[in-house]
1. Can you tell me which residue in the stretch B:146-205 is surrounded by the fewest Cβ atoms within 10 Å (Cβ to Cβ), limited to those that are of a type in the set (S, T, N, Q), at negative phi and part of a loop (DSSP other than H, G, I, E, B)?
2. Is it fair to say B:E46 is surrounded by fewer than 22 Cβ atoms within 10 Å (Cβ to Cβ), within 9 Å of chain A (Cβ to nearest Cβ), at negative phi and in contact (Cβ under 8 Å) with a residue 40 or more places away in the chain?
3. Among the residues of the stretch A:241-249, is any surrounded by fewer than 22 Cβ atoms within 10 Å (Cβ to Cβ), under 22 Å from A:I109 (Cα atoms) and either within 14 Å of chain B (Cβ to nearest Cβ) or among the hydroxyl-bearing types (S, T, Y) (or both)?
4. Does A:G119 satisfy being surrounded by fewer than 20 Cβ atoms within 10 Å (Cβ to Cβ), of a type in the set (G, A, S) and facing chain B (nearest Cβ under 9 Å)?
5. In the stretch B:109-128, which residues are assigned to a loop (DSSP other than H, G, I, E, B) and under 17 Å from the mean Cα position of the chain (by Cα)?
6. Determine whether the stretch A:396-418 contains at least one residue that is away from chain B (no Cβ under 14 Å) and on the phi > 0 side of the Ramachandran plot.
7. Which ones in the stretch A:356-365 are in contact with a Gly (Cβ under 8 Å, 6 or more places away or on another chain) and not small (G, A, S)?
8. Given the condition touching a His at 6+ places or on another chain (Cβ under 7 Å) and surrounded by fewer than 22 Cβ atoms within 10 Å (Cβ to Cβ), answer yes or no: does some residue in the stretch B:26-35 qualify?
Amino acid sequence: MAEAAGTRDAVLLAPIERTGPGFYWAVGGLLVLVGWGALAYWTQFQEGLGVTGLHQPVSWGFYVTNFVFFIGISHAGTLISAILRLSKAEWRRPITRMAEVITVMVLFIGAAQILVDLGRPDRLLNIIRHGRYQSPLLWDATSISAYLTASLVYLYLPMIPDIAILRDRLDRRKLLYSVLALGWTGSARQRRVLGRAIAIMAVLVIPIAVSVHSVVSFVFSMTLQPMWHSTIFGPYFVVGAIFSGIAALIVAMIAFRAAYGLQGYLKPIHFRYLGQLLLIMSLLWFYFTFAEYLTGYYGSEPEEMRVFWAKFTGPFWPFFWGMAAANFVIPVFCLVRLGRRTVGKVLAASLSVLVGMWLERYIIVVPTLSNPRLPFGEGLYWPTWVEWGETAGSFALFALAYLLFTKLFPVISVWEIEEGREGVREVEARLLTYLPDAARPEPAAAERRG
Amino acid sequence: MVIDLDRCTGCQACVLACKAENNIPAVGAKEAGLGRIISWMQVLTEEDEGHPGEVKRFLPRPCLQCDDPPCTKVCPVYATYLNPEGIVAQIYARCIGCRFCMAACPYNAKYFNWRRYQTEGPGQNPDVSVRPKGVVEKCTFCHHRLQRARERARSERRELGPGEYVPACAEACPARAIVFGDLADPGSEVSRLARSPRAFRLQEELGTRPKVIYLTEGEGRG
């Protein structure tokens with residue numbers, strides 16, 4: 001089986017076997033940005049957070065925004081891939097791996113934002129030594145580390161058969177692939193065990209993913225601050241996270257499709273389905289936003305209203321209305337009809353959503369802090385080059401890690417594509433069982449992992 | 001602590017006394033312009049709505065030492081906590097500088113060391129530790145004065161009497177607008193003032209139960 005999969009889907013393994021000049025250019029460009037970020041962090045580490053634009057009362061800015069944003073992106077992955085696996089959506093096969101990689105990479109980047117934000121990163125381990133479980137930050141630490149562990153396992157398990165293919169085909173990195181393949185031979189028993197393990201992880205990972213962005217929102221909603229102290233924040237953040245996660249997934253898919261010539265695997269139909277999912281999430285996001293702001297406006301408590309107007313007409317209006325346009329108007333416009341030029345439209349919508357969701361996180365974090373309850377006056381926040389550098393470096397580091405991953409492992413699951421080809425009969429049989437006049441199916445055949 | 005807003009003239013003597021007492025560094029003009037002044041006691045000013053451009057109102061704001069402090073709950077490392085004397089304390093050597101307490105405090109009574117501000121010497125008051133960069137600091141009701149007064153009383157084998165422990169801001173107030181004492185003692189002056197019909201607490205509706213009580217401006221205003 002490994003032999004056949006390897007030759008038929010050679011294009012999936014090509015990026016691992018050969019490296020063109022484009023790769024080095026991309027790595028070089030990303031390294032420049034990462035270097036800028038490293039320089040920014042080094043400066044901050046030496047001088048203190050004074051080199052940023054943070055102050056009293058805006059004591060949280062870009063770093064916390066990035067933290068919420070990156071952790072949100074992580075929902076792309078595992079959650080979407082788990083849902084598609086569990087619902088036996090056949091079109092998932094070329095997508096799941098890419099989604100899972102996003103999750104793992106971006107979780108590292110997201111968690112690192114908190115480290116960057118700390119005034120005393122040298123004391124980080126106090127969280128373990130003196131941890132206070134009443135603090136939502138501890139909930140974050142727990143939930144995110146659980147998610148990271150589960151996502152790593154969930155990424156790794158479906159990679160085992162592919163790693164075995166690489167072990168058998170490649171001459172390079174024999175040791176790495178042999179160890180990671182765990183002695184995979186593709187026997188019937190191994191496949192059964194693997195199928196079960198993947199199914200268990202897929203179920204497990206969904207509640208963990210939901211918990212992650214709920215507790216991230218609790219960092220804000222557990223305080224008494226105006227426009228943070230809201231019961232809707234948990235689900236609102238989860239919806240936003242899935243929304244931005246799908247957008248990030250689509251962008252990654254289109255980038256690698258172009259770079260590695262994967263047009264045969266990632267077809268317009270895949271983008272069409274994902275685009276429809278993105279559209280639904282956009283509408284859901286709008287519903288939550290509308291409910292959140294209408295409730296605040298209708299009650300019109302003076303302190304809430306100060307923040308509200310700061311967002312609507314005050315100094316934050318470009319961010320707020322930019323968010324509304326980028327998260328709702330533009331995606332709906334792009335996605336409502338996907339008949340022609342599907343990929344282009346879906347890409348435009350996804351890029352817009354990524355910008356919009358970053359703005360959304362920003363518009364939640366900063367205006368509330370800018371408008372204290374007591375008469376301090378409004379504190380405005382302008383990031384310095386340090387924050388820009390750190391942000392650019394974080395994005396670049398994510399892209400770089402992703403790129404290097406694709407050089408070591410196939411970015412589309414080779415054995416799952418093969419399994420999909422072999423399983424067409426089974427899927428057909430399964431579809432027939434949905435129909436009223438279907439014959440009794442062979443239970444063993446229908447129940448094999450679809 | 002009771003602060004009579006009718007008596008406050010906005011002279012800022014309390015602010016300076018606090019800075020001198022607690023080794024609070026001057027951050028310099030540049031940092032001050034960025035909004036990074038550290039001032040455990042701060043006099044907030046507000047335009048009087050009834051007399052715009054004519055009457056300013058003053059609100060001296062130390063840490064209100066809430067009985068149910070929103071800041072201590074969110075600290076991930078127990079660096080800020082309500083100590084047995086009822087003072088919201090801060091452990092500078094443990095604080096990781098996440099600034100969650102600053103985001104959670106509805107009175108903005110917590111301050112951050114954005115840089116290493118203490119550059120020369122150990123500070124003039126040897127009883128108060130100086131703070132390194134990257135940690136949060138706050139008003140302690142001059143807790144070191146309580147410790148000193150208690151030690152003195154113990155060495156003289158007697159109970160700590162009222163008036164022996166007063167924070168620097170209350171001591172310095174020339175208008176005697178800041179009165180300090182034991183709210184748990186019903187006979188104390190602060191308890192008497194706290195029962196005044198003019199008494200109120202800042203943002204009382206948040207349920208933080210501050211131990212600083214204000215007396216509204218009443219007669220003689222406007």
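The values are calculated or read from the model by the stated rules, or taken from the named source; none is laboratory data. Quick caveat: nothing in here was measured; it's all calculated off a predicted structure. Using ideal geometry, Cβ is built from the backbone for each residue, glycine included, and neighbour counts are taken over all protein chains shown.
1. B:S196
2. So B:E46 does not fit the description; no.
3. no
4. For A:G119, the condition - surrounded by fewer than 20 Cβ atoms within 10 Å (Cβ to Cβ), of a type in the set (G, A, S) and facing chain B (nearest Cβ under 9 Å) - is not met.
5. Matches in the stretch B:109-128: B:A109, B:V128.
6. Within the stretch A:396-418, not a single residue is away from chain B (no Cβ under 14 Å) and on the phi > 0 side of the Ramachandran plot.
7. Within the stretch A:356-365, A:M357, A:L359, A:E360, A:R361, A:V365 qualify.
8. yes
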